[in-house]
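Take a look at the structure below.
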Amino acid sequence: MIHWELIERMKFLLLLLPSFVSALGAYLVRPYRAMVGWLNALLSLLSLGAALAFASHAAHGGEALVFGPGELLRADSLSALLMVCVAAASTLTLFLSPGVGTETNYMQAQLRRYQLLINLFIFSMLLAVSANSVAIMWVALEATTIFSALLITLTRSKTSVEASWKYILISSVGIALAFAGTVLGYFDFVALTGRAENALNWPVLLQNAPAMHPEVMKLAFVFLLVGYGTKAGIAPMHTWKPDAYGEAPPPLAALMSSSLFAVAIYAILRWKVVADAAIKDHYTDSLLLALGLASLAIAAFSVVLSRNYKRMLAYSSVEHTGLICFGLGLGAAGVFAALLHLVNHTTAKSLMFFLAGDIERKYGSSAIKQAPGLLKAAPWTGGLFAAGLLALAGLPPFGLFISEFALFRAGFAQHHPWLMGAALLLLLVVFVSLITHLNRMLYGDAPAEIAVGETVGWRVAPMLLGLLVLVALGLTLPAPLETLLNQIVRIVSR
Amino acid sequence: MVWLFRFAPYLIFATTVAVTMLTPLVAAPLPFDAVGDLLTVVYLMLLGTFFLALAGLDPGTAFGGMGASREMTVAAIAEPTIALAIFGLAVGAGSTNLGQIVAQTLSHPGAVINPGHLLGFAALFIVTLAETGRLPVDNPATHLELTMIHEAMALEYSGRYLALIEWAAGLKLLVFFSLLANLFLPWGVATTLTPGALAIAVIALIVKLAALGLAVALIETRIAKLRLFRVPELLGVSFVLALLSVTSSFLLR
Amino acid sequence: MNVNDMLFAQLATLGSSLVLLFGIALLWRRSLSAYVRAFRWQSLALALTFALIGYFSHNHELYIVAIILVVLKVIIIPGYLTRLYERVGGRREAQPYVNIVTSLIVAGLLVSLSYAITRPLVMVSKLPTRNGIPLAVGLILIGIFVIISRRKALSQIIGFLVLENGIALLAALGTYGIPLIVELGVFLDVLMGFLVMQILVYQIKDTFESIDVEHLSQLKH
């Protein structure tokens, strides 16, 4: 019996250690060898395995697992879902990293820095979703800011330095405000029951939440929503997104747009549960709906005006963030739809940034006008890019269509017809502009100096796999996923 | 307006004497406190400043006009600050009557280290330097175009008019110092009009004035005169301090 | 409230006012060395306030926090900042986006605003230190204002550090400090964040030849 329990708890180590060891390896091996990249990619499979184990444990009705001194780490269904998202995106990223099975024009020193920083980044994200204490979650999110900011400037170009500076300044302010919100949440706890060492553990906060003062929790939640919303890229705190995603190396952009954003939403959701238990009216829901609508509106108009396909993808991220916020504010069915959307979006976005990176490498520029004739120049890349963009626009048979449909159904059931109508209109605007931009890129003739032919080689396979997952999620909802989502809804709507 | 130039020094002196009578120099509360309170004091001082500026403009000389415009720049921010700084104390005392404020502080000595008090003191101190024409705002001993404000307005006066204006300036200094001393550190002020209490009050006043004079003298020797465009910044700081003093007194009652 | 509590309340409010005043002094000064000096004094005042709260609330962990504050924010970080602006050049802050008099008035208004929004907190709390909470939130708002209104990258970093000071003060006044482990994690994060920002400023200087953020405007819509 004890033997089994130990193995259960070892899963935490299996989740967190591989990325840490990879970073250590990248640091110690000088000069950089290609083997390090391969090793790190294979180690990440261990993390993925652990995450899947957590998910299956939760889906089979197991209760939350804890580990570590003072119950440092904890995994319930919500954590498990996010662990799988983050670990899957990380594995894909590490396998498609520069220098792993492909030639690259990064120098050796840059590759070493890349491997070090991206593994530390992955480690902090996994720590954030498996931490029990909201304070540790905060520390891990701050760490992600630091590592990603260093990584954006990998090539030291003017634009990447500018993007990184804006990113770190805005994100650090956001994270600091989130910390102020955390302190205010703890403040209320102290005012009630006095100091306690484990007060910042999420289950303890949730337990004491009904007794907390609503006005204090309202103020705390505003700080937290603004703070963690900055990391998630909710408008109006999204201004760093287009710059950062546009200038970061494609693997980092893929990881940031899929996983980091998911972890920030996770943080908001954790606090929302506590705040709802304390405030007892629909204050948090109204805030989320308002910010969601604002994000949708700003994203819609920005997509119309985009001239750069990477920034267009970033604005599409803001749009989907808006949709997820919407969902979180629409009660139980909305939360279900929002989290399903999160899973779908993670899959789609990570693919898109890799493809965008390949296209940029081919055409030498990320402007839409300068990348025509994609289907003729690189049919596989072009086809995958088109499929991904159609998925992001919300077309069937991709999964995003289903989750958006579920979201709108929840919205109408909650009697918000005008809100949903406005959201539909904005989605239509985004849809039309995305298709227009796509057409400009796909058809026509490539400029004469562009070499015709694929440069991706075997990398098409994992991307095709991702696309198939999206289609599968669009056609059916696998039972384990459904169980997991239902459990999460139960946690959130307590 | 021929009469203005001759009339102004009398007015300035009169208003300054009136203000002196209304401030709690040695005793509080005084019988003629009923005539005026904080706002009356501020208005009377502003009246004097206004007429001095007009008198500077009247002869039509360049120096006078320059002095008047500089003085108005300073007065525009400094006068409201006086009101605000003392208002912070008034909120605690529940009345803008200066005698009342002194009595309140005497009966609650622990309030002296209130942030409202300290901020108000700092704000009023900076305004004192500005209004009485001390460094770093104005140099009282210069007649160079670059550096004078108060002296520029009085440049065309001589004889008994000049004497009245200089006397008024001296009285203003006394008023400000005693406001600083007695509103914020009121120990020694006589609460009854008996000879013994008054004697103690006079001695206490002399001691406090000496201390303040020493402080101002030290500051004048250490700090150089600020460039003119920096003066509004300094006064802005004092305004913010006064604002903070009012806010903290008001909301922490 | 007994006499001891009243003294505690007065001293704590005094300490927080001092911290806030150094933050306002930041808005008044022009040169980068004055900014660093104001930040240094502010952190010292903050450390003394922490020690004060630790003494009166018999919570000895706060002494450790105060010592770390002094080492980190009075000695190490200002040292780095001084070296940074000496190497990167530009001793003066160029005309900020909001001029000094307006900045000061905005600061006064921000503090009044913070009094308004923290009314529920002050009413709910039973601690003697609660009167300083509006000052801490005011400092947070002033920190954000400094980041928005200054032009040199270095001034923006100092604005961020002032923001962090404000949050630390809020934690001290509202909850007598957060658990020590968390406090250590926060310090580590602040230090690392600062180091990364410093690295980025060097990179900005290398690529742009200046740390005026006006140059960082290539990435438009």
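With only alpha-carbon atoms in the gyration tensor, what are the semi-axes of the equivalent ellipsoid for the protein assembly as shown, in Å, largest first?
Value: 62, 32, 24 Å, ordered largest first.
According to the square roots a ≥ b ≥ c of the eigenvalues of the Cα gyration tensor, what is the shape class of segment B:82-215, taking rounded for a/c under 1.5, prolate for a/b larger than b/c otherwise, and oblate for the remainder? The shape class here is prolate.
Determine the shape class of segment B:180-253: with a ≥ b ≥ c the square roots of the Cα gyration tensor eigenvalues, call it rounded for a/c under 1.5, and otherwise prolate if a/b is greater than b/c, oblate otherwise.
Values: a/c = 4.21, a/b = 1.45, b/c = 2.90.
Oblate shape, in that a/c is at least 1.5 and b/c is the bigger or equal ratio.
Inverting the pair-averaged 1/r between distinct Cα atoms of segment B:1-95 gives 14.8 Å as its Kirkwood hydrodynamic radius.
Applying the criteria of a DSSP loop state and at most 12 other Cβ atoms within 10 Å to the chymotrypsin sites (Phe, Trp or Tyr not before Pro) of segment C:113-168 yields no site.
Can you tell me the dipole magnitude for segment A:32-148 around its Cα centre, using point charges on the Cβ only (Lys, Arg +1; Asp, Glu -1), in Debye to the nearest 20? Spell out each step's value before the answer.
Details: 4 positive and 5 negative charges, 77 e Å.
It works out to roughly 360 debye.
Under the combined filter of DSSP loop state and at most 12 neighbouring Cβ atoms within 10 Å, segment C:124-172 retains these trypsin sites (Lys or Arg not before Pro): C:LYS126. Using Stokes-Einstein with the Kirkwood hydrodynamic radius over Cα pairs, what translational diffusion coefficient do you get for segment B:2-251 at 20 °C and a viscosity of 1.002 mPa s, in µm²/s rounded to a whole number? After rounding, the answer is 116 µm²/s.
Other protein chain C-beta atoms within 10 Å of residue C-beta, averaged over A:125-137: 1.
For segment A:131-281, calculate the relative contact order in percent as a whole number, restricting contacts to Cα pairs under 8 Å that are 6 or more residues apart.
Details: 187 pairs, mean separation 47.6, N = 151.
With pairs under 8 Å counted, the relative contact order is 32 percent.
Evaluated with a Cβ-only charge set (Lys, Arg +1; Asp, Glu -1), chain B carries a dipole of roughly 360 debye about its Cα centre, given to the nearest 20.
Count charges around A:ARG112 for me, please; just the other residues with Cβ under 11 Å from its Cβ, Lys/Arg as +1, Asp/Glu as -1. Don't jump to the answer; show the numbers that get you there.
Working: positive: A:ARG30, A:ARG33, A:ARG113; negative: none.
Result for the local shell: +3.
Taking amide hydrogens as placed 1.01 Å from N in the peptide plane, the amide H of C:ARG151 sits under 5 Å from those of C:TYR97, each at least 5 positions away in sequence or on another chain.
Assign unit charges at the C-beta atoms only (+1 for Lys and Arg, -1 for Asp and Glu), then state the dipole size of the protein assembly as shown relative to its Cα centre in Debye, rounded to the nearest 20. Don't skip to the end; give the middle numbers.
Working: 58 positive and 48 negative charges, 253 e Å.
Roughly 1220 debye for the protein assembly as shown.
When you filter the trypsin sites (Lys or Arg not before Pro) in segment A:94-170 for DSSP loop state and at most 15 other Cβ atoms inside 10 Å of their Cβ, you are left with A:ARG156.
Charge tally for B:ALA78 (other residues, Cβ to Cβ under 15 Å; Lys, Arg +1; Asp, Glu -1): -1.
Compactness of chain A, taken as the C-alpha radius of gyration over 2.2 N^0.38 Å, stands at 0.93.
Report, as an integer, the average count of C-beta atoms from other chains found within 10 Å of each Cβ along B:228-236.
Working: counts 0, 2, 3, 0, 4, 9, 4, 2, 11.
Mean shielding by partner chains, rounded to a whole number: 4.
For segment B:42-57, putting each phi into the Karplus relation 6.51 cos²θ - 1.76 cosθ + 1.60 with θ = phi - 60° gives couplings of 4, 5, 5, 5, 5, 4, x, 4, 4, 5, 4, 4, 4, 5, x, 6 Hz, in residue order, rounded to whole numbers and with x for Gly and Pro. Using the Karplus relation 6.51 cos²θ - 1.76 cosθ + 1.60 with θ = phi - 60°, the per-residue 3J(HN,Hα) values for segment B:68-83 come to 4, 5, 5, 4, 5, 4, 5, 5, 4, 9, 6, 4, x, 5, 4, 4 Hz, with x marking Gly and Pro.
Sort chain C into rounded, prolate or oblate with this rule: let a ≥ b ≥ c be the square roots of the eigenvalues of the Cα gyration tensor; rounded if a/c is under 1.5, and if a/c is not under 1.5, prolate when a/b is larger than b/c, oblate otherwise.
Details: a/c = 2.29, a/b = 1.64, b/c = 1.40.
Since a/c reaches 1.5 and a/b is larger than b/c, the shape of chain C is classed as prolate.
Sites counted here are GluC sites (Glu not before Pro) in a DSSP loop (not H, G, I, E or B) having no more than 10 other Cβ atoms within 10 Å; the longest part of chain A that contains none of them is A:104-448.
Using just its DSSP H runs of length 4 or more, each adding -39500 (n - 2.57), chain A gives a mean residue ellipticity at 222 nm of -26000 deg cm²/dmol after division by all residues. Think of segment A:131-281 as a dipole: +1 on every Lys or Arg Cβ, -1 on every Asp or Glu Cβ, centred on the Cα centre; then among A:GLY181, A:ALA253, A:SER157, A:SER157 lies furthest on the positive end. The value for segment A:296-494 of Rg(Cα) / (2.2 N^0.38 Å) is 1.08. Amide H to amide H distances under 5 Å link A:PHE67 with A:LEU72, A:LEU73, where only residues 5 or more positions off or on other chains count and H is placed in the peptide plane.
Counting Lys and Arg as +1 and Asp and Glu as -1 over every other residue whose Cβ lies under 14 Å from the Cβ of A:LEU330, the net charge comes to -1.
Here A:LYS158 is the anchor, and the lysines within straight C-alpha reach of less than 19 Å, apart from those fewer than 8 places off in the same chain, are A:LYS166, A:LYS241, A:LYS310, C:LYS152, C:LYS205, C:LYS220.
The numbers here are math on the coordinates, done by the rules we state, and not lab data. Worth saying up front: this structure is predicted, and the values here are computed from it rather than measured. Note: ideal-geometry Cβ built from the backbone for every residue, glycine included; neighbour counts use all protein chains shown.
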